[in-house]
Amino acid sequence: MGFNDVQKPRIIITTDGEIDDKCSMIRFLTYVNEFDVEGIISVNSNHQFDGNGEIWIHEMIEKYGEVYENLLDHDKDYPSPANLHSVTWQGLEDRASIYAEAPPYRDTKGSEVIIEKLLDDDPRPVYISMWGGGTMVAHAFWRIKKDYSQSMFERAVKKARMYFIWYQEVGTGGGQWLRDNIPRALNVRDDQFHNTWTYRPRSDQPFENLMGEKWMTENVKNNHGPLGAEYYVMTEEPHGVSGLYVSEGDTPSFLWAVPNGLRSRENPSYGGWGGRHKKIGINQWDTACDDGDEKKPMWRWMPAIQNDWAARMDWCVMDYKEANHHPVARVEGKLNRVVAPGEEIILDASNSSDPDGDKLEFKWWQYYDADSCKKNIDIKNSDTARASFVVPDNPGEKLHVVLEVRDKGKAPLTSYQRIIFTIKN
């Protein structure tokens, strides 16, 4: 894998084939080495009432196939085009379901696949990344609850990791129905993708240029092979917002599951490349704020994310020696530690390395919004491999310290480790 996490996430994508879905799909196909892809399913939404079918997905996979051999030179975990074609299916694209208040709808190959994966013997979670299609997933859960034993239903609830790019139905029969009727299944709803990942980046965020036409054209669309050439850079947005824009509104839903060391999959409140979320119910989560800004949990990572993609687009056309690859972030000691107030903590990442032999830069920082400590710590030598801090007198709370290891190659890449300290009472 590109990163150094030990276990691949299982992932299912549901997509309505809107313009931003197609752009997100191009990016997703450069990240498929990080996942066990178990379904790419065409669906509809209140933006695409009749859906767009699965043909465009197969066409995009064909473009992936044209750069596949080059990608293998960089990571042998890239799945074959045939493998991706084999897990691409038609899902629910019934217009009436968009207006419905509750399932059942109708069975589709897509819902059958979701049922199969949630009930199989593989104990790993199933990440369902929803770019639309909440009604199909709701139908799958409705059928599991109706047709299977309580223990099988409990298995499905335990394994599901649902990340919604909003609830894209007119009625309440999709994501909202799941939230209300299957409350113990992890249900993350993100509504801050707009003006960060789509509909033009917000002008007051510091990395607006990284989502603009110039960056996308130079790093993705031009001179990066047939897959990148499919990327859409448009001058008019289809929902009524005029002016130049780049749209990837669905990208955060799979970036959340990328195993990059931030551990965001463990708990939506930890924060990572898919944003950070707050708990509002039994297992329901909505967008949280960092520093009082509801969009900062996404845009704060933008330089690392965009450099990461730029490197992967280089992999499409460059040989191994020409391109950049992820550093390996290694922290001495456990990533979960119990510590005492006043204790001096040594943070040591001196065994980190880089496969290309690039020099490494280090940064240690407290993710203040993600932890419960609420006391700022002073990390000494925070820009070196070996740093330290003194545990604050805040017994019973948790403290999150993030390590960033960044190489100095072309399109500098960042890998992470997060250490969670529990302060003794």
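Under the condition of being part of a loop (DSSP other than H, G, I, E, B) and within 28 Å of D190 (Cβ to Cβ), which residue from the range 318-336 is farthest from the chain's Cα centre (by Cα)?
The extreme case among them is L335.
May I ask you to verify whether N187 is in contact with a strand residue (DSSP E or B) (Cβ under 6 Å, 6 or more places away or on another chain) and crowded, with 17+ Cβ neighbours inside 10 Å?
yes
Would you mention how many residues in the range 19-44 are touching a strand residue (DSSP E or B) at 6+ places or on another chain (Cβ under 8 Å) and either not in a helix (DSSP H, G or I) or not aliphatic (A, V, I, L, M) (or both)?
13
Please verify whether G171 is under 21 Å from H47 (Cα atoms) and modelled with pLDDT of 95 or more, treating the condition exactly as stated.
When the stated conditions are applied, G171 does not pass them.
Among (1) over 27 Å from N209 (Cα atoms); (2) of a type in the set (V, I, T); (3) surrounded by 20 or more Cβ atoms within 10 Å (Cβ to Cβ), there is one condition I305 misses while meeting the rest; what is its number?
(1)
For the range 347-359, indicate whether the set of residues that are farther than 27 Å from D407 by Cβ, small (G, A, S) and over 27 Å from the mean Cα position of the chain (by Cα) is non-empty.
No, the conditions are met nowhere in the range 347-359.
Scanning for something part of a loop (DSSP other than H, G, I, E, B), within 30 Å of P226 (Cα to Cα) and at pLDDT 95 or above, does the range 309-317 turn up at least one residue?
Looking for residues that are part of a loop (DSSP other than H, G, I, E, B), within 30 Å of P226 (Cα to Cα) and at pLDDT 95 or above, one finds at least one in the range 309-317, hence yes.
Looking for whichever is more than 28 Å from A160 (Cβ to Cβ) and either in a strand (DSSP E or B) or assigned by TED's automatic domain parsing to the domain that holds G133 (or both) here; the options are Y68, Y78. Which one fits?
Result: Y68 is the single residue among Y68, Y78 that is more than 28 Å from A160 (Cβ to Cβ) and either in a strand (DSSP E or B) or assigned by TED's automatic domain parsing to the domain that holds G133 (or both).
Scan D107, D122 and give me the residue that is under 23 Å from the mean Cα position of the chain (by Cα), among the charged types (D, E, K, R) and in a loop (DSSP other than H, G, I, E, B).
None of the others qualify; the one that does is D122.
Restricting to the range 274-294, give me the number of residues that are farther than 18 Å from D371 by Cα and either at pLDDT below 95 or not in a loop (DSSP other than H, G, I, E, B) (or both).
Final tally of qualifying residues: 1.
Can you tell me which residue within the range 57-100, out of those that are in contact (Cβ under 8 Å) with a residue 24 or more places away in the chain and of a type in the set (S, T, N, Q), is surrounded by the fewest Cβ atoms within 10 Å (Cβ to Cβ)?
Here the answer is N83.
If only one of K398, K374, K359 is exposed (fewer than 15 other Cβ atoms within 10 Å of the Cβ) and modelled with pLDDT under 95, which one is it?
Residue meeting the stated conditions: K374.
Looking for whichever is at pLDDT 95 or above, part of a strand (DSSP E or B), surrounded by 18 or more Cβ atoms within 10 Å (Cβ to Cβ) and out of contact with any Gly (no Cβ under 8 Å at 6 or more places or on another chain) here; the options are R161, R155. Which one fits?
R161
Can you find a residue in the range 90-101 that is part of a helix (DSSP H, G or I), in contact with a helix residue (DSSP H, G or I) (Cβ under 8 Å, 6 or more places away or on another chain) and among the aliphatic types (A, V, I, L, M)?
yes
Restricting attention to the range 337-360, which residues are among the acidic types (D, E), part of a loop (DSSP other than H, G, I, E, B) and more than 30 Å from Y320 (Cα to Cα)?
If the condition is that a residue be among the acidic types (D, E), part of a loop (DSSP other than H, G, I, E, B) and more than 30 Å from Y320 (Cα to Cα), then E343 is the only one that fits.
Among the residues of the range 361-395, how many are part of a loop (DSSP other than H, G, I, E, B), in contact (Cβ under 8 Å) with a residue 40 or more places away in the chain and closer than 30 Å to D75 by Cβ?
Count: 2.
Residue check, Q48 against (1) touching a Pro at 6+ places or on another chain (Cβ under 6 Å); (2) farther than 30 Å from E322 by Cα, all met but one. Which one?
Result: Q48 passes all but (1).
The values are calculated or read from the model by the stated rules, or taken from the named source; none is laboratory data. Remember, predicted model here, so these are calculated numbers, not experimental data. Cβ atoms come from the backbone with ideal geometry, glycine included; neighbour counts cover every protein chain shown.
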